[in-house]
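Nothing in this text is a laboratory measurement; each read-out follows from the coordinates by a stated rule. Fair warning: this is a prediction, and the values are worked out from it, not measured in the lab. For neighbour counting, all protein chains shown are included, and Cβ atoms are generated from backbone atoms with ideal geometry for every residue, glycine included.
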Amino acid sequence: MNFKNYSFKEKINHIILEFDKIKNLNNSENIINIINNIKNMLIDIKNNEESHKKHNDFFNSNELWKRIFDNIPSMIGYWDYNQINKICNHSYSNYFGKSPANIIGHHMEEVLGKDLYLKNLPYIQKVLDGNTQSFEREIITPNGQSRYTLANYIPDFNNNKIEGFYVIVTDITDIKILENQNNKIQTSYRIIFENAPIGMTQLNSSYEFISANPKFCNLLEYSEDELKKKSIFEVTHPDDLEKTKDVTNKFIDKMSINNFIEKRCLTKSGKTIWAKIYTETFFDNNIKDYIFISTVEDVTNIKESQMEIEKIQKALFESQSLLKLTLDYLPGAVSSKNKEGKYNFINKKFKFDFNIPQGDITQKSDFDIFPKEVAEAFQNNDLTIWNTRSLLNFKRNIPNYKGNICVYDIYMFPVINTDYQIVSITTILYDITEKIELEKNLQLEKEKVNHNSRLASLGEMAAGIVHEINNPLTIIDGNIKMLEKLKDNPIQFSEKLKSMDKASERIIKIIRGLRKFSRSNYQNEYRQELFSEILNEVLIMIEEKAKQSLVQLKLDITPNIFIFCNVIEIEQVIVNLLNNAIDAIQNLNEKWIKINLFKNKEKVILQIIDSGNGISRENEEKIFQPFFTTKVIGEGTGLGLAIVKGILEQHKASIQLNHNFKNTCFEIFFPLNKKDKHGN
Amino acid sequence: MAIKIYFLDDETDILEIFKETFSSKDFIITTFNNPNDLIETSKIDKPDLFFLDNKLPHFTADIVSKELDPNIPKAIITADVNQKFEMNYIAIFGKPYINEEILDLMKKLNTSDE
């Protein structure tokens, strides 16, 4: 320490010590040095004479001391062994309304009042026993104010004998208020802590649990005591440990700033829960360390819902993408329009077919894409759907991007939301131009095949037909040649004419039947036909052959049965079947064919039963195959039953063998003519 | 001398016309519409010539011919002249036949007989 900074007393002492050093020195040089030091010290004292004087004045001034004594806010006093006040400061008047003049020389009870004195008496007795006392006391001042004080009683020992005690009473009202407030805060905090609907914890600076409220304990399934043995990291899910460490590191760095984390915790049973945690950092002056107070909200449900939503959103996105991909690769042109008729969406096919340029489709309407008449037609369709909510299906000719007129099979339907409101109209257009062309060609080919088969059947009958025509021709020719000779014999003449007439009728019938039979029917006329008339026509064509073959025809025809059919084709079917029957029973002893026509509730049934023994199992499956025949080469083309089946299928009819008869029985089932919902 | 001709056909009108047309002092026409009758009768009373229709119920001309005396000439009168035949026939006539052609054949036979 520098000599200048010593007090006056210290400086004097120092000088004395320097003089003492001289006594022990022999060396004159050293002595001189010390003398010089002493001189310097004295000069210093001289130079600092004023400040020393003030200092001494200060300590020598009773007045100043009295002012200090009286103005100290604490009560300071001295009471002798008999509890009589010897000295007190003015602060007593603030508390008891008595000046020092009215306190000095008075008993403590007089000064304090009986109640207060009795309260303090135990402490008075103890201090007079030699024990320093310190206690808090509430004092009601003369103006009714309540003051909280901290009283210190200090025994005055003199030669080991207590002569009295010093009293220092400090006003701690403000501190007490703060303390009370603090207590209230603490209590409120405790109430909140214990009863909060969310978890709350306190951690120390090592992130260990100091306390945890019941909610938090329930959340993690630990008791508070169990938690106090753990750190926050021990109840954190391993995958969120890093995250937790990052956040906790900031607790002290950015003290008093909210720290938020959403993470997974592990319960005692190993369950994972999601928690949203807010943490505030405080410095606890009592323990001189940081504490971290956190609120912990269980957001497991929310998180799971969020994850579910994310999954759904992802799935939705994926399905939307899939939908878009599907729509783009559909063979149909797909579009969606809003109530104003503006497009929401079109797929790739739509863009391609109608040459829509890249860009926003949402401002376009049908009038921007199609010719006026087509757009107007679509507009009407839209209106129908908005008004009736119905699905429309129709065909329309629309020019494509090349300007070619294409036939589209169009489906239009409303899209309805969960409030049953129409939100848009979806249109799907299938280009069926090629399909129609193919179908036309196919139909033509079918007709050709049918025609050829009829001709083939015709060929098959040719020999018989030639025979059937030539015989009557022979009769007519022979008779004509004889007419000349018989002109004088009217009876025989007339008989010859009759015979010729009969023969020519035979020829006409056959020709008429053939003509009708061979006519190609590309027009495919379907009409309501009386079945019995169909059978009559067939019989004209077949009866000669049957007669020639000595086959008896037996008919059981229910009258007034109509079918909707192409009469030529049905005649062809029945002729084919009857031809086959006649051929099949040629060499049998018993030769007959029964033709039964009747109906039940749903079907018209035609049975052709011949006297044969039935079709062998081996042949039964094959007989309807094209070119299958049991006839020898040259006798039949085998086309017949395959064509028969095809024609019947076109008529929505069917053919089968009925094994309930011991003979061969072909049964044909025609749909019974009923009107459909359109009155057809 | 008259020759005996047997004619088989299932059409009675044709049989009648044939008989009326060709019956004369030179030609004795007997008509049959049943092959069995023809066969049996020809065994007892042999003709000089057979005329046979081809398409008969259960029978063809070939089937009937096989049952007849092979030495007696046979001719076919048929609606289908393109038909292939197994047996030998001296002529095949199509219907309607030409009277003169039939007559020529019958005359030839008559001449040869003489």
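Binning every alpha carbon pair distance of the protein assembly as shown at 20 Å from zero, what are the percents per bin?
Spelled out per bin, shortest first, that is 10, 17, 16, 12, 10, 9, 8, 8, 6, 4, 1.
Give me A:549, A:7, A:504 ranked fewest to most by other Cβ atoms within 10 Å of their Cβ, as a rough exposure proxy. Mind showing how you got there, number by number?
On the way: A:549 19, A:7 11, A:504 14.
Ascending number of Cβ neighbours within 10 Å: A:7, A:504, A:549.
Enumerate the amide H contacts of residue B:8 below 5 Å, restricted to partners 5 or more residues apart or on another chain; note that Pro and chain-start residues carry no placed amide H.
When sequence neighbours closer than 5 places are left aside, the close amide H contacts are B:32, B:51, B:52, B:53.
Pop out the ³J(HN,Hα) list for segment A:613-618 in order, Karplus 6.51 cos²θ - 1.76 cosθ + 1.60 with θ = phi - 60°, rounded to Hz; leave Gly and Pro as x.
Taking θ as phi minus 60°, the curve returns 9, x, 8, 5, 4, 4 Hz for segment A:613-618.
Quote to one decimal, in nm, the extra length available between residue A:314 and residue A:262 on full extension: 0.36 nm per residue of separation minus the C-alpha distance between them. Walk me through the intermediate numbers first.
On the way: separation 52, 0.36 × 52 = 18.72 nm, distance 2.22 nm.
Stretched fully, the residue A:314-residue A:262 segment lengthens by 16.5 nm.
Using the 10 angstrom Cβ neighbour count as an exposure proxy, how do B:111, A:173 rank, fewest first? Kindly include the intermediate steps, with their values, before the conclusion.
On the way: B:111 9, A:173 15.
With the fewest neighbours first, B:111, A:173 line up as B:111, A:173.
Just round it to a whole percent: the fraction of Cα-Cα distances in segment A:268-333 exceeding 14 Å.
Values: 1613 of 2145 pairs.
It works out to 75 percent of all Cα pairs.
Of A:444, A:476, A:198, which is farthest on the positive side of the dipole of the protein assembly as shown, counting Cα position, with +1 on Lys and Arg Cβ, -1 on Asp and Glu Cβ, and the Cα centre as origin?
Toward the positive end, the furthest listed residue is A:198.
Note down the Stokes-Einstein diffusion coefficient of segment A:326-372 in µm²/s, whole number, using a Kirkwood radius over alpha carbon pairs, 20 °C, and 1.002 mPa s.
Working: Rh = 10.9 Å.
The diffusion coefficient I find is 197 µm²/s.
For an R0 of 51 angstrom, estimate the FRET efficiency from the Cβ-Cβ distance between residue B:28 and residue A:654 and round to the nearest 0.05. Don't jump to the answer; show the numbers that get you there.
On the way: r = 60 Å, r/R0 = 1.18.
Given R0 = 51 Å and the Cβ-Cβ separation, E is 0.25.
Over segment B:3-112, what is the percentage of antiparallel beta bridges among all DSSP beta bridges, to the nearest 5? Display every interim value, and only then the final one.
Values: 1 of 19 bridges.
Within segment B:3-112, antiparallel bridges account for around 5 percent of the total.
So, counting K/R as plus one and D/E as minus one, what does the shell of residues with Cβ under 14 Å around residue A:148 add up to? Before the final figure, lay out the partial values.
On the way: positive: A:119, A:137, A:147, A:176; negative: A:136, A:138, A:171, A:174, A:179.
So the surrounding residues net to -1.
Enumerate the lysines that residue A:372 could reach by cross-link, defined here as Cα to Cα under 21 Å, with residues fewer than 8 away along the same chain left out.
Partners within reach: A:337, A:339, A:342, A:351, A:364, A:395, A:402.
For chain B, which longest stretch is free of loop sites, where a loop site is one of the trypsin sites (Lys or Arg not before Pro) that DSSP puts outside H, G, I, E and B and that has at most 10 other Cβ atoms within 10 Å?
Details: sites that count: B:25, B:84.
Between the exposed loop sites, the longest stretch runs B:26-83.
At a 10 Å Cβ-Cβ cut-off, how would you order A:79, A:386, A:592, A:274, fewest neighbours first?
On the way: A:79 25, A:386 13, A:592 17, A:274 20.
If I rank by nearby Cβ atoms, fewest first, I get A:386, A:592, A:274, A:79.
Using 0.36 nm per residue of separation minus the Cα-Cα distance, give me the extension gain between residue A:417 and residue A:221 in nm, one decimal. Walk me through the numbers before you get to the answer.
Values: separation 196, 0.36 × 196 = 70.56 nm, distance 4.59 nm.
Contour length minus the Cα-Cα distance gives 66.0 nm.
Normalised radius of gyration for segment A:55-194, please: alpha carbon Rg relative to 2.2 N^0.38 Å, two decimal places. Each step should come with its number before you reach the end.
Numbers: Rg = 17.8 Å, N = 140, 2.2 N^0.38 = 14.4 Å.
Dividing the Cα radius of gyration by 2.2 N^0.38 Å gives 1.24.
Which percent of the Cα-Cα distances in segment B:3-112 go past 24 Å? Walk me through the intermediate numbers first.
Working: 792 of 5995 pairs.
Every Cα pair in segment B:3-112 considered, those over 24 Å come to 13 percent.
Whole-Hz ³J(HN,Hα) for each residue in segment A:290-304, computed from phi via Karplus 6.51 cos²θ - 1.76 cosθ + 1.60 with θ = phi - 60°, x for glycine and proline: what do you get?
My calculation for segment A:290-304 gives 7, 10, 10, 9, 10, 9, 10, 10, 6, 10, 4, 4, 4, 5, 5 Hz in order.
Find how much the distance from residue A:22 to residue A:230 grows on full extension, using 0.36 nm per residue of separation minus their present alpha carbon separation; answer in nm with one decimal.
Numbers: separation 208, 0.36 × 208 = 74.88 nm, distance 7.14 nm.
Roughly 67.7 nm would be gained on extension.
Take the residue pairs A:184/A:243; A:245/A:271; B:46/B:107; A:349/A:435 and return only those whose Cα atoms are more than 27 Å apart.
Values: A:184/A:243 36 Å; A:245/A:271 21 Å; B:46/B:107 18 Å; A:349/A:435 17 Å.
Going by Cα-Cα distance, A:184/A:243 fall outside the 27 Å limit.
At 10 °C and 1.306 mPa s, grab the translational diffusion coefficient of segment A:471-614 from Stokes-Einstein with a Kirkwood Rh over Cα pairs, rounded to a whole number in µm² per second. Walk me through the intermediate numbers first.
Values: Rh = 17.6 Å.
Reported coefficient: 90 µm²/s.
So how strong a dipole does segment A:118-159 carry about its Cα centre when Lys and Arg Cβ are +1 and Asp and Glu Cβ are -1, to the nearest 20 debye? Walk me through the numbers on the way to the answer.
Details: 4 positive and 4 negative charges, 25 e Å.
Dipole of segment A:118-159, to the nearest 20 debye: 120 debye.
Cross-link partners among lysines for residue A:594, C-alpha distance below 26 Å, same-chain residues fewer than 8 apart left out?
In chain and number order, the partners are A:509, A:516, A:545, A:547, A:554, A:603, A:622, A:631, A:645, A:652, A:662, B:55.
Per residue of the protein assembly as shown, what 222 nm ellipticity follows from adding -39500 (n - 2.57) for every DSSP H run with n ≥ 4, rounded to the nearest 500?
Values: 25 runs with 363 residues, N = 794.
After summing the helix terms and dividing by residue count, I get -15000 deg cm²/dmol.
Convert each backbone phi in segment A:416-427 into a coupling constant with the Karplus relation 6.51 cos²θ - 1.76 cosθ + 1.60 (shift: θ = phi - 60°), then list the ³J(HN,Hα) values in order as whole Hz, x for Gly and Pro.
Result, rounded to whole Hz: 10, 8, 5, 8, 6, 9, 6, 9, 6, 10, 9, 10.
If you average the sequence gap of Cα pairs under 8 Å that are 6 or more apart and divide by the length of segment A:201-241, what percent do you get for the contact order?
Numbers: 42 pairs, mean separation 15.0, N = 41.
That works out to 37 percent.
Picking from A:347, A:19, A:187, whose Cα lies most toward the positive end of the charge dipole for the protein assembly as shown (charges on Cβ: Lys, Arg +1; Asp, Glu -1)?
A:19
Calculate the dipole size of the protein assembly as shown relative to its Cα centre from +1 charges on Lys and Arg beta carbons and -1 charges on Asp and Glu beta carbons; express the result in debye to the nearest 20. Each step should come with its number before you reach the end.
Values: 99 positive and 111 negative charges, 480 e Å.
It works out to roughly 2300 debye.
May I ask for the equivalent-ellipsoid semi-axes of segment A:471-515, computed as the square root of five times each C-alpha gyration tensor eigenvalue and listed largest first in whole Å? Write out the running numbers ahead of the final one.
On the way: eigenvalues 117, 18, 6 Å².
Sorted largest first and rounded, they come to 24, 9, 5 Å.
Between segment A:291-307 and segment B:53-91, how far is it from one alpha carbon centroid to the other, in angstrom?
Going from one Cα centre to the other spans 113 Å.
If eta is 1.002 mPa s and T is 20 °C, what Stokes-Einstein diffusion coefficient results for segment A:344-397, Kirkwood Rh from Cα pairs, in µm²/s?
Numbers: Rh = 12.5 Å.
For the chosen part, D equals 171 µm²/s.
Cross-link partners among aspartates and glutamates for residue A:98, C-alpha distance below 15 Å, same-chain residues fewer than 8 apart left out?
Correct list for residue A:98: A:70, A:109, A:110.
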